[in-house]
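Peer 1: I have a structure I would like to understand better, so I am pasting it below and will then ask my questions one at a time.
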Amino acid sequence: MLGLEYFSFAALFSPMFLAFMLLVTAAYFVVIGPLSEKFADAEPVSIGKKIMFVSGMFFLYLAQGGPVSLLGHIMFTFHMTSMALSYLVATPLIMLGIPTWLWRAFDRINPFKKLGFLAKPVVAAVVFNGLFSFYHIPAIHDYVMLHFAVHRLYYIVLFIAAALMWWTLINPLPEKDQASGLAKIGFIFLNMVLLTPACGLIIFSTQPMYATYSDPNTWAKAMGYCVSGDTSALLQTFGGPSFFYGLSTKVDQQLGGIVMKFIQEFIFASMLARVFFRWYKSENKEDDDDIIPTDLSDGSLNRA
């Protein structure tokens, strides 16, 4: 399917990265389990949080080390799917899966408190969407895809920026969640707007923008991130990425932009509904608290 049968197990599943992700997941369960007694305010972690953390790790592995990662070096559509899974799906799930008491422990030893301004809503939104858009400038994208150390570093920075962006919406520390419901709604719309120009340029481009997906030689070099050995053999065997799919490079590119924008709109629309519901519920509760209860102690309602 999609040419996956032509690649080895190592290329498809990145065993080293898989081992790393399993190690991190195991460490999570050790910390919230046997080691939790070392935290003064530790509480049992719900099944829901455990599922969210494991799901987040699964999606992150799938996008950055699994088959989606390999396909992302063949089709731009899967590249954008990988980006969406990594930063719009996996990141918030992992954050939600970490219990509040563990976040407090992180906060107490946080050596980067002086950089806390990066988590400010507007700053975080501009940084994440700016890095994402900058990365998809054709010359920058092709450079990153061809220089593997830069590729890893840029993706780590994007993950941190995504976490800072999500912090405003899912702040796991109630005592530090200062953003009002209305402010969060505005923040969601800001993120939706900031990503639109990059997706729009990709969707409405009249020609292929990325050599990684349109030039066979560049593609073969970029595949070195997933496939070990001499990748020039890929050219002799397949001729280029178009061997694996029936779409033109232009259509694949446009579809990738649409996929990214659709996933972003769906996730943020869901988050918007969640935030609005909580804000509405909170506002109504405050209104109910302002109502003075009727004093029935004088038995006034029993009078004829």
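Peer 1: Within the chain, which complete DSSP H helices have Cα atoms spanning at least 18 Å along the helix axis and a mean Kyte-Doolittle hydropathy of 1.0 or higher?
Peer 2: Answer set is 15-32, 47-64, 121-135, 148-170, 181-203.
Peer 1: A further question follows. Dipole of the chain (Lys/Arg Cβ +1, Asp/Glu Cβ -1, origin at the Cα centre): which of THR206, ILE32, LEU146 lies farthest to the positive side?
Peer 2: The Cα lying farthest towards the positive end belongs to LEU146.
Peer 1: Among the chymotrypsin sites (Phe, Trp or Tyr not before Pro) in the stretch 96-132, which ones are in a DSSP loop with at most 10 other Cβ atoms within 10 Å of the Cβ? Mind listing them?
Peer 2: Filter output for the stretch 96-132: PHE112.
Peer 1: Among GLN236, LEU255, HIS79, which residue has its Cα positioned farthest towards the positive end of the charge dipole of the chain, with +1 placed on the Cβ of Lys and Arg, -1 on the Cβ of Asp and Glu, and the dipole taken about the Cα centre?
Peer 2: The listed residue farthest towards the positive side: GLN236.
Peer 1: A further question follows. Can you give me the orientation-averaged projected area of the convex hull built on the Cα atoms of the stretch 1-150, in nm²?
Peer 2: Computed as one quarter of the Cα hull surface, the answer is 11.2 nm².
Peer 1: Given the Cα-Cα distance of PHE244 and VAL157 and 0.36 nm per residue of separation, how much length would full extension add, in nm?
Peer 2: Contour length minus the Cα-Cα distance gives 28.2 nm.
Peer 1: Another one. Hey, what number do you get for the chain at 222 nm if only DSSP H runs of n ≥ 4 count, each worth -39500 (n - 2.57), divided across all residues, to the nearest 500?
Peer 2: -21000 deg cm²/dmol
Peer 1: For LYS113, give me every one of the lysines with a C-alpha distance below 18 angstrom, ignoring sequence neighbours fewer than eight places off in its own chain.
Peer 2: Candidates past the 8-residue exclusion: LYS176.
Peer 1: Roughly speaking, what is the stretch gain from PHE262 to TYR6, that is 0.36 nm per residue apart minus the C-alpha to C-alpha distance, in nm to one decimal?
Peer 2: Separation in residues times 0.36 nm, less the Cα-Cα distance, equals 89.1 nm.
Peer 1: Treat every Asp and Glu Cβ in the chain as -1 and every Lys and Arg Cβ as +1, leave all other atoms uncharged, and give the resulting dipole magnitude about the Cα centre to the nearest 20 debye.
Peer 2: 560
Peer 1: R0 = 22 Å: FRET efficiency of PHE148 with VAL24, Cβ-based, nearest 0.05?
Peer 2: Calculated value: 0.55.
Peer 1: With the full set of protein chains in place, find how many percent of the accessible area of the stretch 203-247 is carbon and sulfur; take the probe as 1.4 Å.
Peer 2: 51
Peer 1: Right, here's the next one. Counting every Cα pair in the stretch 124-281, what percent are over 28 Å apart?
Peer 2: Tail of the P(r) past 28 Å holds 34 percent of the pairs.
Peer 1: Put +1 on the Cβ of each Lys and Arg and -1 on the Cβ of each Asp and Glu in the chain; which of LEU22, ALA222, ILE156 then has its Cα farthest toward the positive end of the dipole?
Peer 2: ALA222
Peer 1: Quote to one decimal, in nm, the extra length available between VAL54 and THR237 on full extension: 0.36 nm per residue of separation minus the C-alpha distance between them.
Peer 2: So the extension gain works out to 62.1 nm.
Peer 1: How high is the relative contact order of the stretch 159-254, in percent, counting Cα pairs under 8 Å that sit 6 or more residues apart?
Peer 2: 23
Peer 1: Round to a whole angstrom and tell me the spacing of the C-alpha centers of the stretch 207-231 and the stretch 60-118.
Peer 2: After rounding, the separation between the Cα centres reads 25 Å.
The values are calculated or read from the model by the stated rules, or taken from the named source; none is laboratory data. All values derive from a computational prediction rather than experimental measurement. All Cβ positions, even for glycine, are placed from backbone atoms using ideal geometry, and neighbour counts span all protein chains on display. Heads up: the accessible areas ignore ligands, DNA and RNA and are worked out on the full protein's heavy atoms, side chains in. Shrake-Rupley method; radii C 1.70, N 1.55, O 1.52, S 1.80 Å.
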